[in-house]
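A short write-up of the structure that comes next.
What follows is calculated from the coordinates using simple rules that are stated; it is not laboratory data. Everything quoted here is computed from the prediction, not taken from an experiment. Glycine gets a Cβ as well: all are built from the backbone with ideal geometry, and neighbour counts include every protein chain shown.
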Amino acid sequence: MNDIGSLVVRLLDETTKTSVGLFAPELVLSGTIVLMLAFRVLPGLNRIPTQWVALLGAFGSFALALCQFDRLVTGEIPPTSFFTGMLMFDQLGTFFRMFLSLFLILTITLTVLTGIPDRDDAADFYTLLIGSTIGMMIMASANHLLMMFMGVEMTSVPSYAMVGFLKGRKKSSEAALKYVVYGAGAAGVMLYGISLLAGLTGTGSMPDMAQRLGMIVSQNAGIGDATVRTILLAGLMVLVGLAFKLSIFPFHFWCPDAFEGAAAEVAGFLSVASKAGAFALLVRFGLSFTSTSAAVSEVGFSFGIGLGVLAAATATFGNLSAYGQTNIKRMLAYSTIAHAGYMLMAVSALLVLAHGKQVGLDTQGEARRCIEGLIYYLFVYLFMNLGAFAIVSLIRNQIFSEEIEDYNGLATQCPVLCFGMLLCVFSLVGLPPMGGFWAKLVIFSAVFKATAVHWVMWGVLGAGAINTVFSLFYYIRILKAMYIKSRPAGARSVRYDLFPGGVFVLLICLPILGLGILPQGFTDKFHNIADALLTQIGR
């Protein structure tokens, strides 16, 4: 009994003195949810606009994450695990906390400008939005297989409701139902894979998993052994759940319908935020196969090659499917799939370089550049994709349509919005001097380095280059409609003053240009994050 009592005291002491403080950004958002729901039912307080409470909570979370990141960079706080090793407090996880908090601030601001949701539904909507963000933060910091699954589910369940939030719209309800069905299937497969990994290794801790896998593989006859094949199968099952969140081919089925059925504000949130959390988790999971065992490194290397093939197929499918779309949200959904393929190329190159052997190549230095490129791409992607969806939502409120044909001649009526779309489109294609150009260049450079390790990466690099050129043909249709075609007689007009809609669009879109003109200052910061992560796992 004394031992149990001392264990409980030690756990409570660790939780209250250390873990709770490190979990502060998520706790602020959780408190914001409680406040919003309390204000809704308490007399007198229900008059307080819910969006301002949500916005205040998002700013508080961002400020705390920024302080934590600064203390990590200066060495005031060392990287450490917390909540008994379930979550990881390091530069990577803290950066994504800042990233997601900033994105939450911008998304809430957009909903205030567009009027979705209305006053009656605001508390429900922002509860779902913030709850999903907390799940993404947990995904980015997950250090245990259980927290990996909890983070994915905390992200997914509110997302299902947000997709179907527009009441009385058949397309929205149908999209939400498809999202739920596909999500439940992917979650079941992922959970089964997690149970296999935990059962075979005897641990759910991702840092400990590599050591246990090394012992298991060294005791068996390599890839031909049934236990080793089961480990590979379990890893693939876990990747199914992550691929679903990232809309990777062939687990992308939910994405086009969900984006078309949901409000543009929700589609913009799902297109960026879920990818940020899922890619951070994918990097952690992939690097968990880092081990001194050559057999375990071979497993990680095989995953890298497989992800490269998936990345090429995803980018190709997304771009080919986008070409024939007439609805701009559906086109941007397929564009999102394509960009997930580009970012997955960075993870593929990371695993190939981290686990591969090549004489005369600084594989660990190049692996750092892969993480640097992925983070830079996600940072640029935040502005260019949210900017595009923000413009779509602002125009929708005027013309009540999201068909590309109805965008004809808008440049003469809303030049600020059309200029913002021009910046977003050029960056999505990857044209200089936009941030999207440098983002793709860094990732393609990492893939090029990986070609020295395995020839398959040449195919991945070629697919990325060809798809970049091909994407120009469907993106340019948006600009052609806005700038070249004339406005039809009798069409609804779009009138937006510079303030506040135009200012918000410029606030989001101008950083795309700044990230392209001065990329070095940002890539240096991201290189430090990558270096700290690989040093932390002993690479």
Dipole magnitude of segment 20-536, debye to nearest 20 (Cβ charges: Lys/Arg +1, Asp/Glu -1, about Cα centre)
820
Taking Cα atoms, how many degrees apart are the long axis of helix 226-246 and the longest axis of the chain, rounded to 10 and kept between 0 and 90?
20
Helix 24-41 versus the longest principal axis of the chain: what is the Cα-based angle in degrees, 0 to 90, to the nearest 10?
50
Got a sec? Charge dipole of segment 20-536, +1 on Cβ for Lys and Arg, -1 for Asp and Glu; which of Ile478, Ala176, Met237 is way out at the positive end?
Ile478
Karplus 3J(HN,Hα) series, Hz, for segment 157-170 with 6.51 cos²θ - 1.76 cosθ + 1.60 (x for Gly, Pro)
4, x, 5, 4, 5, 5, 4, x, 6, 6, 6, x, 9, 4
Using the alpha-carbon centroid of each, what span in Å lies between segment 230-270 and segment 107-139?
20
Members of Lys171/Lys275; Lys275/Lys485; Lys167/Lys275; Lys167/Lys329 lying beyond 30 Å, as alpha-carbon distances in this model show
Lys275/Lys485
Highest mean first, how do 508-519, 254-265 rank when packing is the count of other Cβ atoms within 10 Å averaged over residues?
254-265, 508-519
To the nearest 0.05, what FRET efficiency results for Tyr323 and Trp455 with a Förster distance of 25 Å applied to their C-beta separation?
0.25
Got a sec to turn the phi values of segment 455-469 into Karplus ³J(HN,Hα) couplings, 6.51 cos²θ - 1.76 cosθ + 1.60 with θ = phi - 60°, whole Hz, x for Gly and Pro?
5, 4, 5, 4, x, 5, 5, x, 4, x, 5, 5, 5, 4, 5
Of [x] 70, 55, 52; [y] 76, 61, 44; [z] 87, 63, 43, which is the value of Cα extents along the principal axes in Å derived from the coordinates here?
[y]
Just rank Asp120, Asp406, Asp531, fewest to most, by other beta-carbon atoms within 10 angstrom.
Asp120, Asp531, Asp406
Using amide H atoms built 1.01 Å from N in the peptide plane, name the residues 5+ places from Phe89, or on other chains, whose amide H lies under 5 Å from its own.
Thr80, Ser81, Phe82
Most to least packed among 135-145, 30-40, 54-64 [average Cβ atoms within 10 Å]
135-145, 54-64, 30-40
Extended-chain gain in nm, criterion 0.36 nm per residue less alpha-carbon gap, Cys67 and Leu518
159.9 nm
In nm, to one decimal, how far is the modelled label at Leu431 from the one at Leu479, with both set 7 Å along Cα→Cβ?
0.2
Dipole of the chain (Lys/Arg Cβ +1, Asp/Glu Cβ -1, origin at the Cα centre): which of Pro519, Ile33, Ser288 lies farthest to the positive side?
Pro519
Nearest 10 degrees is fine. How inclined is helix 328-355 to the longest principal axis of the chain, computing both from alpha carbons?
20
Amide H neighbours of Ser205 under 5 Å, counting only residues 5+ apart in sequence or on other chains, H built in-plane at 1.01 Å?
Leu145
On a C-alpha basis, how far is the centre of segment 457-532 from the centre of segment 152-222 in Å? Whole number, if you could?
31
Collect residues whose amide H, placed 1.01 Å from N in the peptide plane, falls under 5 Å from the amide H of Lys485; neighbours closer than 5 in sequence don't count.
Gly409
Karplus-derived HN-Hα couplings along segment 260-272 (A = 6.51, B = -1.76, C = 1.60, θ = phi - 60°), whole Hz, x at Gly and Pro:
6, x, 7, 5, 4, 5, 5, 4, x, 5, 5, 5, 10
Computed FRET efficiency, Cβ-Cβ of Thr74 and Ser30, R0 25 Å: what is it to the nearest 0.05?
0.35
Could you check how many percent of all C-alpha pairs in segment 67-217 are farther apart than 21 Å?
57
